[in-house]
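Please treat every number below as a calculation from the coordinates, not as lab data. Keep in mind that this is a model prediction, so the values were computed, not measured. Methodologically, a virtual Cβ is constructed for each residue, glycine included, from the backbone with ideal geometry; neighbour enumeration extends over all protein chains shown.
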Amino acid sequence: MPATAPTISLPILTLPDPRTEGEGALDPLGLATLANHLADRILPGMTARMIRPRFLTAIAISATVREDIDEESTAAGSASAALAFEWLVVEGFVRATLRSPDMASQTLRTPGIDKVRTAVAASAPVGPRTYLKTPGVFGFHGVYKRLAKHLGIIDDDLTLGESGAALLREWEKDQGLEGFASGTNTRASLGLKASLRDAVIATLKADHANRSATWSGWAELAKHLAPANLGKREARHLTDLLCAGGDELASSEVYQLFSAPERTAMLYQGSTDRELHDLFLREKSSEHLLQRFAAVEAYESFCMILQEAFHWLLHLSSKAGARAISTGDFTSQPRIGVLCADLRRRVDAAATALDVVDPILGREFAPVGDSFADVGTAESLYTALLARHTNVQKAKPPDGKREWFERGNDESIFVRPGYRIENSTPPDPYSGWGRPYRLLAVRSFCLDLHEARR
């Protein structure tokens with residue numbers, strides 16, 4: 001994919017709280033939703049934002065710490081007990097790093113940690129004003145709760161599930177905290193749970209993390225929950241949960257192929273979902289899984305044409321400066337004719353492959369496929385691209401978003417300043433997959449789990 005194209009395909013999302021995007025500047029052709037639904041047929045419960053499996057354990061601990069807290073009568077603000085626990089955990093990681101800089105490598109990729117680091121440095125309490133704007137999406141409960149629910153670690157109401165209770169028993173053994181969840185054993189485990197429960201209640205009452213800088217719980221949270229410090233039993237249990245897959249045959253198979261002991265050296269290779277597919281899945285997949293990745297390949301091959309053609313519009317308009325471009329500017333490019341010649345075949349291939357995986361996916365693809373099924377000329381591709389972009393932007397919640405182009409009465413277009421490509425060069429042909437299919441997330445999980453098991 002060319003270096004000038006990142007605004008065209010869905011980016012790999014990072015963990016810090018993103019700025020609010022009011023322009024509808026992502027996914028201008030509406031290709032991401034179907035890709036996400038296709039990824040659900042391969043790795044349900046997973047998302048591309050998931051990086052560190054230790055947060056599944058943190059969610060289980062959160063559930064048992066707050067299980068008997070009456071939030072309605074305790075909370076002074078809108079924060080839940082889960083969010084209060086989250087504030088405490090992330091602040092614990094930050095304070096542990098201040099005491100021991102080596103801890104920084106143990107807490108990498110913790111959601112919200114940059115916000116908390118800034119708050120602690122300013123001696124400001126960690127709470128609604130200093131933490132993530134939308135913690136229910138971008139905090140560690142928000143990022144990982146979908147998978148935690150899928151694996152049975154928590155229930156729909158975030159209470160501890162059967163798998164979560166079993167995970168906690170393994171974590172307790174690793175940490176020397178037997179009886180932490182049940183409250184039936186050692187003074188150390190009982191004292192820690194009581195300390196954390198009291199801290200959550202105090203935090204709810206204050207509506208911010210309400211413990212002094214010298215509180216011993218900070219160090220305990222970092223010691224027992226740092227993302228890179230998975231215990232062996234805990235890691236084995238998480239691996240078993242992920243590889244079991246229940247009725248999700250594709251998900252189970254992906255994790256099994258990534259986790260095979262003879263292939264662990266390969267975990268350090270590959271930097272894209274497509275490369276990881278080729279390394280781990282292409283040769284060893286069952287027919288069930290091969291069908292799903294054949295659909296990914298067919299759909300992405302279709303998307304590549306639309307992305308490249310749309311990039312040509314951006315390139316030509318950016319290069320034209322203050323002049324609006326028209327159909328002739330687009331149709332005069334030899335590469336556009338090549339794209340048109342292959343488009344119908346790719347529409348048909350994507351429709352067939354998606355329908356094989358799930359007819360629902362085939363029906364979902366139909367509107368976008370139909371928009372381009374009859375495109376046979378550069379002129380018709382120009383018209384269909386702009387019509388698709390217009391419809392996609394209008395449909396974005398809550399009330400639609402502006403198009404990337406200003407439109408003239410004669411079908412001319414002028415790319416708006418925020419979408420211009422500086423020093424634009426003609427786009428190279430697109431290759432690879434432009435949307436995430438969660439294999440990078442699986443690889444990241446397996447790396448942590450492998451390091452803990454060995």
Could you work out how far helix 187-206 tilts from the main Cα principal axis of the chain, as a 0 to 90 degree angle to the nearest 10?
60 degrees
If we count every other residue with Cβ under 12 angstrom of THR214's Cβ, Lys/Arg +1 and Asp/Glu -1, where does the sum land?
+3
How big is the dipole moment of the stretch 54-229 about its Cα centre under a simple scheme where the beta carbon of each Lys and Arg is +1, that of each Asp and Glu is -1, and everything else is neutral? Debye, nearest 20, please.
660 debye
Can you give the local net charge around ILE336? Use residues other than it whose beta-carbon is closer than 11 angstrom to its beta-carbon, Lys and Arg +1, Asp and Glu -1.
-2
By counting other Cβ atoms within 10 Å of each Cβ, how are CYS340, CYS243, CYS303 ranked from fewest to most?
CYS243, CYS340, CYS303
Using the Cα centre of the chain as the reference point, and only Cβ charges (+1 on K/R, -1 on D/E), how large is the resulting charge dipole? Debye, rounded to the nearest 20.
1220 debye
10 Å binning of all Cα-Cα separations within the stretch 129-182, expressed as whole percents from 0 upward:
24, 38, 29, 9
Quick note on VAL120, VAL415, ordering by fewest other C-beta atoms within 10 Å, gives VAL120, VAL415
Calculated from DSSP helices alone, with each H run of at least 4 adding -39500 (n - 2.57) and the total divided by the residues of the chain, [θ]222 nm to the nearest 500 comes to -17500 deg cm²/dmol
Considering the options LEU440, PHE414, PRO426, tell which one lies farthest towards the positive end of the dipole of the stretch 356-454, charges being +1 on Lys and Arg and -1 on Asp and Glu at the Cβ, about the Cα centre.
LEU440
Angle, helix 162-175 long axis vs. longest principal axis of the chain, Cα atoms, 0 to 90°, nearest 10?
60 degrees
Quick one: the Cα spread of the stretch 278-415 along its three principal axes, in angstroms, biggest first?
54, 38, 29
With respect to the cross-link table entries LYS319/LYS394; LYS133/LYS205; LYS173/LYS193; LYS193/LYS223, which display a Cα-Cα separation exceeding 18 Å?
LYS319/LYS394; LYS133/LYS205
For a protection proxy built on the mean count of beta-carbon atoms within 10 angstrom, sort 127-140, 225-238 highest first, please.
225-238, 127-140
By how many degrees, between 0 and 90 and to the nearest 10, does the Cα long axis of helix 287-319 differ from the longest principal axis of the chain?
60 degrees
Have a look at GLN307, SER318, ILE336 and report the one farthest towards the positive end of the charge dipole of the stretch 274-343, computed about the Cα centre with Cβ charges (Lys/Arg +1, Asp/Glu -1).
SER318
For the stretch 54-229, what is the convex hull (Cα atoms) projected area averaged across all directions, in square nanometres?
9.1 nm²
Once you have all Cα-Cα distances for the chain, histogram them in 10 Å bins from zero and send the whole-percent values.
4, 19, 25, 22, 17, 10, 3, 0
Options ALA181, SER100, ALA209, ranked by Cα towards positive dipole end of the stretch 54-229, top entry (Cβ charges):
SER100
Log entry: pair-distance distribution for the stretch 269-358, C-alpha pairs binned every 10 Å from zero, whole % per bin is 15, 32, 27, 18, 7, 0
Percent relative contact order of the chain, based on C-alpha pairs within less than 8 angstrom and at least six residues apart?
25 percent
